[in-house]
1. Is there a residue being within 26 Å of residue 220 (Cβ to Cβ) and buried (at least 23 other Cβ atoms within 10 Å of the Cβ) anywhere in the range 79-91?
2. Could you check, for the range 114-125, whether at least one of its residues is surrounded by fewer than 19 Cβ atoms within 10 Å (Cβ to Cβ), farther than 29 Å from residue 249 by Cα, over 20 Å from the mean Cα position of the chain (by Cα) and away from the ligand (no atom under 15 Å from the Cβ)?
3. Between 29, 45, which is at negative phi and more than 18 Å from the chain's Cα centre (by Cα)?
4. Looking at residue 199, is it within 30 Å of residue 120 (Cα to Cα), buried (at least 22 other Cβ atoms within 10 Å of the Cβ) and more than 19 Å from the chain's Cα centre (by Cα)?
5. For the range 11-56, how many residues are outside any loop (DSSP other than H, G, I, E, B) and closer than 30 Å to residue 74 by Cβ?
6. Check residue 170 against each of (1) within 16 Å of the ligand (Cβ to nearest atom); (2) surrounded by 17 or more Cβ atoms within 10 Å (Cβ to Cβ); (3) at pLDDT 95 or above and name the one condition it does not meet.
7. Which pairs turn up if I take residues in the range 173-185 that are over 13 Å from residue 16 (Cβ atoms) and look for partners that are part of a helix (DSSP H, G or I) and more than 11 Å from the ligand (Cβ to nearest atom) with beta carbon separation below 9 Å, at least 6 apart in sequence or on another chain?
8. Return the only residue of 154, 184, 158 being in a strand (DSSP E or B), away from the ligand (no atom under 16 Å from the Cβ) and surrounded by fewer than 17 Cβ atoms within 10 Å (Cβ to Cβ).
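The values are calculated or read from the model by the stated rules, or taken from the named source; none is laboratory data. Given the structure is predicted, the values throughout are model-derived calculations rather than measurements. Note that each Cβ is placed from the backbone with ideal geometry, even for glycine, and that neighbours are counted across all protein chains shown.
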Ligand code: PMV
């Protein structure tokens with residue numbers, strides 16, 4: 001059984017969403033492919049290595065197997081992973097591998113899990129590995145398309161193509177604590193910043209003036225302390241050639257993105273909105 005699931009980018013609202021505000025995220029056409037075959041024992045084969053169930057080397061796949069076996073006990077499976085989603089970039093590679101593994105196991109062993117089941121178990125897998133999850137990554141990876149959170153409202157954007165630039169490894173935990181620190185020191189100011197981000201996210205749903213909203217959201221992320229000199233200088237370089245860009249995800253590294261205007265800026269790659277979430281590729 002071969003199943004694939006997409007990665008994602010957060011368009012607007014990262015960090016603010018941790019404090020109950022809105023975020024807008026979209027599935028992209030970078031996918032993680034998982035091959036599952038029946039076997040007497042578990043084998044996991046990826047670019048990270050060849051292991052059995054191994055919570056250190058393959059935490060997401062191993063917890064996905066563990067959670068799947070709680071519902072449908074199986075003896076073993078050969079699992080091979082091929083992913084075009086760069087890891088540690090905030091593009092949802094971990095959620096995509098969990099979602100694709102769960103669906104591939106369900107299809108191969110005829111467990112009949114619905115996409116809603118797969119999303120819920122993949123979210124549990126994220127919690128198993130990371131201790132917490134907003135659920136955005138597994139949701140977008142399972143269902144595809146563009147969504148407003150926490151409402152889980154489907155959104156249609158006119159813009160379907162974005163350029164992405166990887167600045168470095170992202171630092172989600174560190175950036176979340178940095179923002180929490182800012183909240184502690186300047187609570188009233190902090191509230192105003194995340195309220196302003198919320199206004200931006202809700203405006204973006206209309207799909208108008210996205211470039212302007214990207215610019216203002218990035219300025220506010222900078223105010224929250226999650227940008228850095230390298231990100232700022234890349235963004236001003238892009239501004240000189242008429243492009244707006246912002247952090248996607250936690251910041252402190254990871255990726256920045258902007259709307260594709262017909263040419264690919266140096267060092268970037270193009271992604272498209274993927275309307276399709278997890279899907280069977282073949283048997
Ligand atoms: O870079 P990522 O995909 O880990 O993005 C994190 C986004 C945050 O809003 C900072 C955290 C979250 O769980 O939504």
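1. Yes, the range 79-91 has at least one match.
2. no
3. Working: 29 fails: more than 18 Å from the chain's Cα centre (by Cα).
The conditions single out 45.
4. Criteria not met by residue 199.
5. Within the range 11-56, the subset outside any loop (DSSP other than H, G, I, E, B) is 11-12, 16-19, 23-38, 42-46, 49-51.
Going one step further and asking which of them are closer than 30 Å to residue 74 by Cβ, we end up with 27, 30-38, 42-46, 49-51.
Counting residues in the range 11-56 that are outside any loop (DSSP other than H, G, I, E, B) and closer than 30 Å to residue 74 by Cβ gives 18.
6. Of everything listed in (1) within 16 Å of the ligand (Cβ to nearest atom); (2) surrounded by 17 or more Cβ atoms within 10 Å (Cβ to Cβ); (3) at pLDDT 95 or above, residue 170 misses just condition (3).
7. Matching pairs, first to second residue: 184/190.
8. Values: 184 fails: in a strand (DSSP E or B); 158 fails: in a strand (DSSP E or B).
When all the criteria are applied, what remains is 154.
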